[in-house]
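Read through the structure below, which is laid out as structure tokens, and then see the notes.
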Amino acid sequence: MIDDDAKLMLAFKDGDRGAFDALFERYTPRLLNFLTRMVRDRARAEELTQDVFIRVYNAAARYEPRARFSTWVFGIAHNLALNDLDRAHRKRERPLDLVRNAEPRDPEPHADERVAAQQLALALESALAKLPERQRSAILLRSEQGLGYQEIGEVLGASVSGVKSLLHRARENLMTELKEIPE
Amino acid sequence: MTTSRHYREDLGAYIDLELDGAARAALEAHLATCDGCARELQLLRGLGEALAALPQAEPGPQFAARFHARLAREGGRRDLRARLRAWWSPLRLSLALGGAAAAVAAAILLNPTQAEPDPDWLIVADAESYELLKEEDLDLLAVLEILEAWDDTEER
């Protein structure tokens, strides 16, 4: 069964430019979030997000919906992120400005709750940054992007049981890091 | 009571709704009797909520405009490359044939007793330009410079 996004991609393949624009709008925030946390560099993540869409655009003529569209797109993003990290030999473990500059999701939280939430977010960002790349990719694809184990396996080139194990280790590592935050 | 190692890996899959019926039922039965695993499950749920509450990255205001400008640039470059390639292939062939003919003629003139020219002559005649033009990633400017140089040679 072809998912809605794959149908849009097929429409784009048939010349419907609006279908590409719809995919661009739908996937920009998702890819940007994923790539920002993968490469730990906001400006670079924007460039890589654009790289993904350039590849999607250029691949339209030969596109065949063999997997869910999201699986395909995040597969491209994952590979670009790994290449970027390899090429730059960068380890970006500093907390992202994303947390410091973020508006609270709860409109009027109490000041102490807000501080605690920000501390937790900073600690979590830092813990995510310390994860091995495949574990980080797996947990982001699951928790942030809502991909299923089968899909994550297709993105990472792993079996479903391999994904289960990767996620288990990622969560254990995150919990270990978070336990070190002072109460 | 300690957390059962056997079930720990299943806890994540349980909250992700990725456990099949039998494994799910077995884990739920275990959770009813194991405080350690029940506590671990709560911690994992808390972690999931914290991950879901992380701030979202928003694209900058010029993100879409920059993308479309880049797409247009790349598209233009690709079209030009394709046009150049289509235009250049027959030209290159004719130039190569012309170069080969000239080399043969020169070989015969310089050495009228030798019926067959030295094959090296044919390669030497335009080897440098030919090798350069085989490069797929050759910069457009470089291609144009080579073409101009060829034109100059032809005029002379």
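The values are calculated or read from the model by the stated rules, or taken from the named source; none is laboratory data. The structure displayed is predicted, hence computed values, not measured ones. Because the Cβ atoms are built from the backbone with ideal geometry, glycine has one as well, and the counts that use them run over all protein chains shown. Surface accessibility is based on the protein's heavy atoms, side chains included, excluding ligands, DNA and RNA. Shrake-Rupley method; radii C 1.70, N 1.55, O 1.52, S 1.80 Å.
Residue count for segment A:118-153, restricted to those that are in contact (Cβ under 8 Å) with a residue 60 or more places away in the chain and at the interface with chain B (Cβ under 9 Å from one of its Cβ atoms): 5. Right, B:Leu47: among the aliphatic types (A, V, I, L, M) and either in contact with a Leu (Cβ under 8 Å, 6 or more places away or on another chain) or buried (at least 17 other Cβ atoms within 10 Å of the Cβ) (or both) or not? Criteria met by B:Leu47.
Within segment B:25-40, which residues are surrounded by 15 or more Cβ atoms within 10 Å (Cβ to Cβ) and either within 43 Å of the chain's Cα centre (by Cα) or assigned to a loop (DSSP other than H, G, I, E, B) (or both)?
B:Cys34
Table: residues versus (1) at pLDDT 90 or above; (2) within 7 Å of chain A (Cβ to nearest Cβ); (3) under 29 Å from A:Val115 (Cβ atoms).
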{"site": "B:Tyr14", "(1), (2), (3)": "yes, no, no"}
{"site": "B:Glu18", "(1), (2), (3)": "yes, yes, no"}
{"site": "B:Ala29", "(1), (2), (3)": "yes, no, no"}
{"site": "B:Gly36", "(1), (2), (3)": "yes, no, no"}
{"site": "B:Leu41", "(1), (2), (3)": "yes, no, yes"}
{"site": "B:Glu49", "(1), (2), (3)": "yes, no, yes"}
{"site": "B:Gln56", "(1), (2), (3)": "yes, yes, yes"}
{"site": "B:His68", "(1), (2), (3)": "yes, no, no"}
{"site": "B:Glu74", "(1), (2), (3)": "no, yes, no"}
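Every condition in (1) at pLDDT below 95; (2) outside any helix (DSSP H, G or I); (3) buried (at least 21 other Cβ atoms within 10 Å of the Cβ) is met by A:Ala121 except one, and the failing one is (2). A:Val56 meets each of the listed conditions (1) within 14 Å of chain B (Cβ to nearest Cβ); (2) without any contact (Cβ under 8 Å) to a residue 40 or more places away in the chain apart from (2). Residues in segment A:129-164 that are of a type outside the set (A, V, I, L, M, F, W, C), buried (at least 17 other Cβ atoms within 10 Å of the Cβ) and part of a loop (DSSP other than H, G, I, E, B): A:Gln145, A:Gly148. Of all residues in segment A:154-183, those satisfying the criterion of being under 18 Å from A:Leu140 (Cβ atoms), of a type in the set (A, V, I, L, M, F, W, C) and either in contact (Cβ under 8 Å) with a residue 24 or more places away in the chain or more than 9 Å from every other protein chain (Cβ to nearest Cβ) (or both) are A:Val155, A:Leu156, A:Ala158, A:Val163, A:Leu166, A:Leu167, A:Ala170, A:Leu174, A:Leu178. Of A:Arg26, A:Arg62, A:Arg30, all but one fail to be within 14 Å of chain B (Cβ to nearest Cβ) and either over 12 Å from the mean Cα position of the chain (by Cα) or open to solvent by less than 30 Å² (accessible area, probe 1.4 Å) (or both); the exception is A:Arg26.
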